[in-house]
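Remarks on the structure that follows.
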Amino acid sequence: MSSFDSFRTVRWFRTFHLVLQAVLFLTLFGGLNYIALNLHGGRFDLTRRHRYSLSPETLAYLHNLNQPIRVVVTLTDDSDHPEVTAALPDVRGLLREYAYATESNHEAKSGRDGRITIDYLDIDRQLREASQLGIDQRNTVIFLCGDKRRVIALGELYRVENSEAKDFIGEQAFTSAILDVSSPERKKIYFLSGNGESRIDDSDPVRGLSALADELRLRNFAVEAFALNTASSKVPDDAALVIAVGSQKVPPYAQEQLRQYLGPRAGHLLLLLAPGTSRGIPTGLTDLLLDWGITADDDVVYDPASHTEQGELLITSLGIHPITQSLIDIRNIFLVVGRARSLHPVGGGGLIVNTLARTSPAAWGEVNFRAVPHADADDIRGLPQIEPKNALALIIAAERAQPRGNLPYSVPNGRLVVFGSADFATNNGFLAAGNQNIVLNAVNWAIGREQLNVPARPVERFKLALNAEELVRLRYSLLFLVPGAAALLGLIVYWTRRA
């Protein structure tokens, strides 16, 4: 017998194999732990409405968060209120996404720590901790950052219709709270008044802007109205953005002040123009628009190829731009306005002019204001450089081109967005999902804030309705049918093996 066949050799081989298996097992176990601790796996939300994903607007805000925020939730599982226990899974799932999105904010960001931490507090059982935090409110979500705090009540998390929760708007409320407690100051948005403009304190469905003002406040903007009613008046120095909705007969000195604000002061302006009228009332903003490579026609747009049953203008053709990207990504979302005037991009030196929304090529701008619109040679037609060719522009964005080169400092540049209709912002029109999305995105883009709208999440309910007879059948099925099927399967397996 050779030495390899000896008992000692076999024992050494067995020992070597056992040691090698142990080393490989420990290496595999250690490698998996290293990957779990140092690498972040991919996450995919496959739900139909992306209910476990944060909106791009929220993610942009969280990416730039530079202060730690603590979130304290006082909702509990054993609450006596059914609405609390129903809301807790939604709150937990959403806050988990906030915490996950900010896990890496403390890495390589100049010592800044923008992480969000979540704590669940039972006020009745954790009295000491609740007293230290100064929290005595049940069924709330509290956002803490330094000495700032924002309390979100349970009623602010849902949009209710007919005493029934329709949409979960927790992301809107939570993102607003984060912006509120983390921002040293609120950016101010001023609405121009005194020249026929719509007002932010007006709740009229056709003319008022109260819905837009409320949404801006929700996003941590300070909203005020101001007037350029004298030659010495000017745009306030702290204006992050100026919005004018439905301006008519703006005096020359007011137009000049807006030009100075946009040009030398590198300001930001949103103009929502009223459509043309048979009276030919001018906007008074012609020179300002021309300075920024845009002209506005005195007409009313008609598009026989794209309109609703109520005769409203349906806008589905959008240009690629940060303002419109969310609508393009969502798909099946469109803009709806009642009456609009056409715009034309002219361009110019040092300007970047983009057409954001346009009609179909069949549209025209009616200049004769007939009772029965009819296209003829006098009407406004689209330009061949707009895609699709010969379409009319309805929304245009313009900005001054940034200087080239890797400069060690940022260069402020003015931005202007012109809408061919005031209906995008007035209360009735603003309720349309597409209109709200594009107006809020225009606000964020104009002031340089990363944008995209925060959508509401529909509340999905699953109900199983059974009468008494069906309940009895279900009970006996669970008691006898399921165990009987398992027993029958076992007998079949037993008989098969025996055979």
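Structure notes:
- For ILE178, the conditions (1) assigned to a loop (DSSP other than H, G, I, E, B); (2) at pLDDT 80 or above; (3) under 22 Å from PRO56 (Cβ atoms) all hold with the exception of (1).
- Segment 246-262: number of residues that are of a type in the set (Gly, Ala, Ser) and assigned to a helix (DSSP H, G or I): 1
- Close pairs (9 angstrom Cβ cut-off, 6 or more residues apart or separate chains): at positive phi in segment 174-195, assigned to a loop (DSSP other than H, G, I, E, B) anywhere: GLY194/LEU228; GLY194/ASN229
- Of the residues making up segment 113-135, not one is surrounded by 14 or more Cβ atoms within 10 Å (Cβ to Cβ) and at positive phi.
- Some residue of segment 299-320 being in a loop (DSSP other than H, G, I, E, B), under 27 Å from PRO251 (Cα atoms), touching a strand residue (DSSP E or B) at 6+ places or on another chain (Cβ under 8 Å) and in the same structural domain as ASN441 (by TED's automatic domain parsing): yes
- The listed residue being in contact with a Phe, Trp or Tyr (Cβ under 7 Å, 6 or more places away or on another chain), under 30 Å from HIS344 (Cβ atoms) and in a loop (DSSP other than H, G, I, E, B), out of ILE243, ILE200: ILE200
- Scanning segment 271-296 for residues that are in contact with a strand residue (DSSP E or B) (Cβ under 7 Å, 6 or more places away or on another chain) and surrounded by fewer than 19 Cβ atoms within 10 Å (Cβ to Cβ) yields a single hit, THR295.
The values are calculated or read from the model by the stated rules, or taken from the named source; none is laboratory data. What you see is a predicted model; the values in this text were computed from it and never measured. Please note: Cβ atoms are built from the backbone with ideal geometry, for glycine as well, and neighbour counts cover all protein chains shown.
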